[in-house]
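The values are calculated or read from the model by the stated rules, or taken from the named source; none is laboratory data. Quick caveat, the model's predicted, so the values are computed rather than measured. A quick note on method: Cβ atoms are made from the backbone with ideal geometry, for glycine too, and the neighbour counts reach across all protein chains shown. These accessible areas exclude ligands, DNA and RNA; they are computed on the full protein's heavy atoms, side chains included. Shrake-Rupley method; radii C 1.70, N 1.55, O 1.52, S 1.80 Å.
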Amino acid sequence: MAENFDVKLDKKTYIPDPSYQANSALGDYKKAYAEFLSDPDGFWAKKARELDWIKPWDKIRDWEWPQARWFCGGKLNVSANCLDRHVKNGRRNKLALIWKGERGKEEIYTYRQLYRAVMRFANALKNLGVKKGDCVCLYMPLVPEHVIAMLACTRIGAVHSIVFAGFGAEALHTRIRDADAKVVITADVGIRRGKFIPLRSIVDEAVKNAPSVEKIVVLSRERCPVELYSEMEVDFYAIQEGVSEECPPEEMDSEDPLFILYTSGTTGQPKGIVHTTGGYLVGTHYTSKYIFDLKENDVHWCTADTGWITGHSYIVYGPLSVGATVVITETTLDYPDPGVWWKIIEEFGVTIFYTAPTAIRMFMRVGEEWPNKYNLSSLRIIGSVGEPLNPEAFEWYYRVIGKNQCPILDTWWQTETGIHMITTPLGQPMKPGFAGVPIPGVVADVVDKEGKPVPAGQGGLLVIKEPWPSMMRTVHKNKERYLQYWNQINHWYTVGDLAVRDEDGYIMVLGRSDDIIIVAGHNLGTAEVESALVAHEAIAEAAVIGVPDDMKGQAVKAFVVLCQGYEPSQKLISELIYHVRMTIGPIAMPSGIEFMDKLPKTRSGKIMRRVLKAKEMGVDPGDISTLEE
Ligand code: WTA
């Protein structure tokens, strides 16, 4: 049960410079939201009209719980919206991609170059027998060819399923099987912290007993001819030799699937989240233009990997659909030193920077001397996604990276939502710890399990009450699982996160509802206790779990990573317990604290509390294919 717990809300706010709102595409948030509420379909139709449609839609939405269709009857092509229209409309020589590799290598693509490269590769895919509706699995490092392959799939109507290139053979195999991928695209190696990762051999292993796979396309990182080991393998560049550079975009129905993306969730089998063409593109275009406020001269850098939804929506489809300049990198945040990212911002004049709290906390830990070595004055907006941005991390990010002037967009969303849903739109006062408010287009609420809105300051379940264009359409081969999102409370979309609202309607996301610990009948969000721990000067990162307790049902057990210069000691443990007691209250006091060198995390940076819990209880942790190391 996730209701009736009180949360102590900090009242601190930061007021952004009024010029942000004055110059923003969205304008006044309250006005924009009221406009949406007065005519939701009209609102989305207006946004959709900013894209190029081959044939306009007959009906804006068709909502028959739990199935939504958007822009029914409309025809469009995603790659044509990301490329052709910019090439035709004056952006042909504008930089689309700036790529930076770990070993200092750089490459750039103008919109026209990208357009041509995509058409060539799209034709090569067609020659391999890939047809509209076929699934193509991408298991690639973050190099320009990765983006080219994504866009080439969308050009011919193939459905891509991107698997993060840090996953092992077993995880890749499961995903290839589930999606029935016909072609797998990979590279000879990925590069991480100076080491080569043999992607191609992992694919070889993963395609065993995957009968759907007909071809494996291998990219040579150095663009030299690939030595082929089997009938199945082909060379990424060799298959493009002599092919036509003309590849008209496939006419796709608005509801044709665009991609499948597997998300691990907290337990068990990965879920293949399915997104469709029209609604997804309208959502990513809208949020890139009106929420991230991407403008003609912006240089946008999202540090996510394309293996995650953040990379799909805010490296590729959103920014390219608005014609932005996008930075992509294969760099690890602290290799060869913790200054690499800040150097990239200085070098390319990045104006919009989007990263994750786990990265911000890592940088806090190594010290502000690293960012301070570089000129970050090009930045105008900084963003965060993936987990709650705790107030200490917010303040550090705001002060050290944003130099007390860049608004922070702490964006709450999910693989399933396709786009960010809750944030603090430019110009609105920012409250550390709070993601913010529902963006225009989104109807969100915090309710108890009967669906009754909970009063300000009281925790509840986050729900989305109305369908939106970029919502997932199904879980691949698992309609039942899809239904579970919609049949829990009043036929609303139940997010699975706990949240609390303040009297201004700002929403703080506390963590997954399954990350709740109940101590003596009181519900505690793991994120809340963790936030308290990391607020202590000695603590860089923290994870807490519930452990059985004879007296209280459950007790809090904490795992912490220390900041540089601190040593584990009994004295520190007592100090931390006292600190949590003073911050949240006696109920949250950890019964035990363990010092760790690092926390078990998914490759996208989420702490896997489940692994800690299994270790603590001496049981099998279940599927750990998403674990980083
Ligand atoms: C969490 C990532 C708090 C949340 C885009 C959600 C967040 C899950 C935030 C989805 C945020 C994401 N504040 N929590 N700004 N952003 N989350 O599918 O628990 O990888 O349900 O999508 O991450 O993770 P996913």
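Remark: segment 516-617 carries 45 Å² of accessible area per residue (probe radius 1.4 Å; ligands, DNA and RNA excluded). Subtracting the Cα-Cα distance of LYS477 and ASN297 from 0.36 nm times their residue separation leaves 60.5 nm of extension gain. Per-residue ellipticity at 222 nm from helix content only, as computed over the chain with -39500 (n - 2.57) for each DSSP H run of at least four residues, stands at -7000 deg cm²/dmol.
Helices of the chain meeting both criteria, an alpha-carbon length of 18 angstrom or more along the long axis and an average Kyte-Doolittle score not below -1.0, with helices taken as full DSSP H segments, are 111-127, 144-156, 570-583. The share of Cα pairs per 5 Å bin across segment 516-617, counted from zero up to the longest distance, runs 2, 13, 26, 26, 20, 10, 2, 0 percent.
Rolling a 1.4 Å probe over the protein heavy atoms gives segment 324-483 an accessible area of 28 Å² per residue. Of the GluC sites (Glu not before Pro) in segment 319-407, the ones in a loop by DSSP (not H, G, I, E or B) with at most 14 other beta carbons within 10 Å are GLU368. Extension gain, LYS615 to GLN570: 0.36 nm times the residue separation minus the Cα-Cα distance gives 14.0 nm. Computed from backbone phi, the HN-Hα couplings of segment 71-78 come to 6, 4, x, x, 10, 7, 9, 5 Hz, rounded to whole numbers (Karplus: 6.51 cos²θ - 1.76 cosθ + 1.60, θ = phi - 60°; Gly and Pro given as x).
Stokes-Einstein diffusion for the chain at 4 °C, viscosity 1.567 mPa s, with a Kirkwood radius from C-alpha pairs, works out to 52 µm²/s. Here's the list of lysines a cross-link from LYS100 could span, going by alpha-carbon distance under 19 Å and ignoring same-chain residues fewer than 8 apart: LYS195, LYS343.
Charge tally around GLN428: other residues with Cβ under 14 Å, Lys/Arg +1 each, Asp/Glu -1 each, net -3.
For the chain, the share of accessible area belonging to carbon and sulfur comes to 51 percent (1.4 Å probe, ligands and nucleic acids excluded). Cα centroids of segment 304-343 and segment 232-260: how far apart, whole angstrom? Centre-to-centre distance over Cα atoms comes out at 23 Å. Check each of the chymotrypsin sites (Phe, Trp or Tyr not before Pro) in segment 57-101 and keep only those in coil by DSSP with at most 13 other C-beta atoms within 10 angstrom; list them in order. Passing both the DSSP loop test and the Cβ count: no residue.
Look at the alpha carbon pairs under 8 Å that are at least 6 residues apart: their mean separation over the length of the chain gives a relative contact order of 14 percent.
Each principal axis of the Cα cloud of segment 187-315 was taken in turn, and the coordinate range along them, longest first, works out to 48, 45, 37 Å. Along each principal axis, taking the top coordinate minus the bottom one, the Cα set of segment 78-240 gives 48, 38, 25 Å in descending order.
For segment 305-347, backbone nitrogen atoms closer than 15 Å to the point 7 Å from TYR374 Cα along Cα-to-C-beta are found at 327-347. Entry comment: accessible area of segment 96-153 is 29 Å² per residue, from protein heavy atoms only and a probe of 1.4 Å. Using Cα centres only, tell me the gap between segment 366-390 and segment 445-505 in whole Å. Result: 31 Å between the Cα centres.
With the cut-off at under 14 Å, measuring from each backbone N in segment 421-457 to a point 7 Å along the Cα-to-Cβ line of ASN490 picks out 443-455. Given a cut-off of 12 Å, what percent of all Cα-Cα pairs of segment 275-328 lie beyond it? I get 59 percent for the Cα pairs in segment 275-328 exceeding 12 Å.
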